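Here is the structure we will look at.
The values are calculated or read from the model by the stated rules, or taken from the named source; none is laboratory data. Not measured: the values here are computed from a predicted model. Counting neighbours? That spans all protein chains shown, and the Cβs are built from the backbone with ideal geometry, glycine included.
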Amino acid sequence: MKATLVIKNIDNLITLKGENKPRVKNSLKDIGIIKNGVIALDGEKIVYVGEGELPSDIIIDENTMFLDGNGKTVTPGLVDSHTHLVHGGSRENELAMKLKGVPYLDILAAGGGIHSTVKSTRESTFEQLYNKAKKSLDTMLGFGVTTIEAKSGYGIDDFDTELKQLEVANKLNTDHPVDIVSTFMAAHAIPKDYKDNPDEFVDIIIKDMIPKVAERKLAEFCDVFCEKGVFTIEQSRQILLAAREYGMEPKLHADEIEPLGGAELAAEIGCITADHLIAASDTGIEEMAKNTVIANLLPGTSFNLQTGKFAMARKMIDIGVPVALSTDYNPGSCPTENLQLIMSFASLIMKLTPEEVITAVTINGAAALGLESEIGSLEIGKQGDIVIFDAPNLEYILYHFGVNHVDTVVKKGKIVYRDNKIIN
Ligand code: NIG
Ligand code: FE
């Protein structure tokens, strides 16, 4: 077997070797660390992972490229499985309100928040949205992220804008090294015109929009913002069950601010993930564990909402809920592309161990997108998505927070980021 790329002398090679399914409980402790590791790729795929030297059946020739892992920590490419990547404008004007303690839902109810991004997104051309999202995607890649999820949801009742967002994500998926998985989320806010009759909008989503998105194969998942003053439990159930009929797997913004029973609903329907869960009930969390719903936790949003409340991550892990971690990158509740910062928050605020944190942004993040057989661990046959961190160990990356520790990013076997630059 030949090797096109070899990374050797790796001080800490974190493989995440194990079953291709979301990791829970004890399986979170063993992240498959190899000291003095070596990894070989042939084209897009991994062909060898081990300790010391390469075995003789791996053929090296003059075209084989070598990278040195001395003093470095190597992990699978990071997965950011919850973002609102494609949108127009920004909302720094909300900062003063936030500092005065005006709650997120009050800003939304007064016609700001998501509604103001809906306005900017509707007013943006395809090209403007593409260029803005590309810039963010470049930043994500620089932080070691090789696969993301991206939601629509800033067109809401303007279906053309919903489609425009999904098409931008689709084109970037083709043009950019980072892989993008799309989620349809017109159910992100109640449009002003349907304030007095939100069920009518739910009907439009179910009868008009979902079939068209499915027909154009524009999204793999469907998501709803299930929240007080936004979509109810019953409306969320109807939308997600309809989406599943059309082949879009359900996800849910669940119990982000008020404890509505979103976690329970996610368990009942069998959502692939329930996201946020800051206000989730004990029963909801237990039901998620029983039904293997992944808790996609977003501590950057807790930080930004300024309520001092974070999801009960320790409790979730202890009772067997699979946990993933994401940025929730969006212009309102979490304007950052920096997944490494989120990893530090998860460790320092939510008390996740370093092993749990790296699992949550690799194999469990992959599972949150249904991609656990292709990415999320460094094993023979898997895609060559790899991050080389300029850090002597995993703890160092979490502890030395707020900066970028990435040295090199490899996507599908190609070096796509090195020396602080994207390589085309
Ligand atoms: O995940 N909560 C709903 N959606 C986003 C925020 C979107 C926005 O404020 O623009 C979230 O927090
Ligand atoms: Fe979100």
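A few comments on the model shown:
- Members of the stretch 245-271 found to be of a type in the set (A, V, I, L, M, F, W, C) and more than 16 Å from ligand 1 (Cβ to nearest atom), listed by number: 248, 267, 269
- Any hit, the stretch 307-322, residues being buried (at least 21 other Cβ atoms within 10 Å of the Cβ) and within 24 Å of residue 12 (Cα to Cα): no
- Strands (runs of 3 or more DSSP E) contained in the stretch 1-83 and holding at least 1 residues among the acidic types (Asp, Glu): 5-14, 33-42, 45-51, 65-68, 78-80
- Highlighted here are the helices (runs of 4 or more DSSP H) found entirely within the stretch 93-158 that include at least 3 residues which are surrounded by fewer than 16 Cβ atoms within 10 Å (Cβ to Cβ) and of a type outside the set (Lys, Arg): 95-99, 126-142.
- For the stretch 58-99, taking the residues that are of a type in the set (Ser, Thr, Tyr) and closer than 29 Å to residue 167 by Cβ, the one that is farthest from the chain's Cα centre (by Cα) is identified as 90.
- Taking (1) more than 16 Å from ligand 1 (Cβ to nearest atom); (2) surrounded by 24 or more Cβ atoms within 10 Å (Cβ to Cβ); (3) small (Gly, Ala, Ser) in turn, residue 214 satisfies each apart from (2).
- Residue satisfying all of: in the stretch 21-58; modelled with pLDDT under 95 and within 18 Å of residue 373 (Cα to Cα); surrounded by the most Cβ atoms within 10 Å (Cβ to Cβ) among these: 28
- Among the residues of the stretch 343-366, the ones that are in a helix (DSSP H, G or I) and hydroxyl-bearing (Ser, Thr, Tyr) come to 3 in all.
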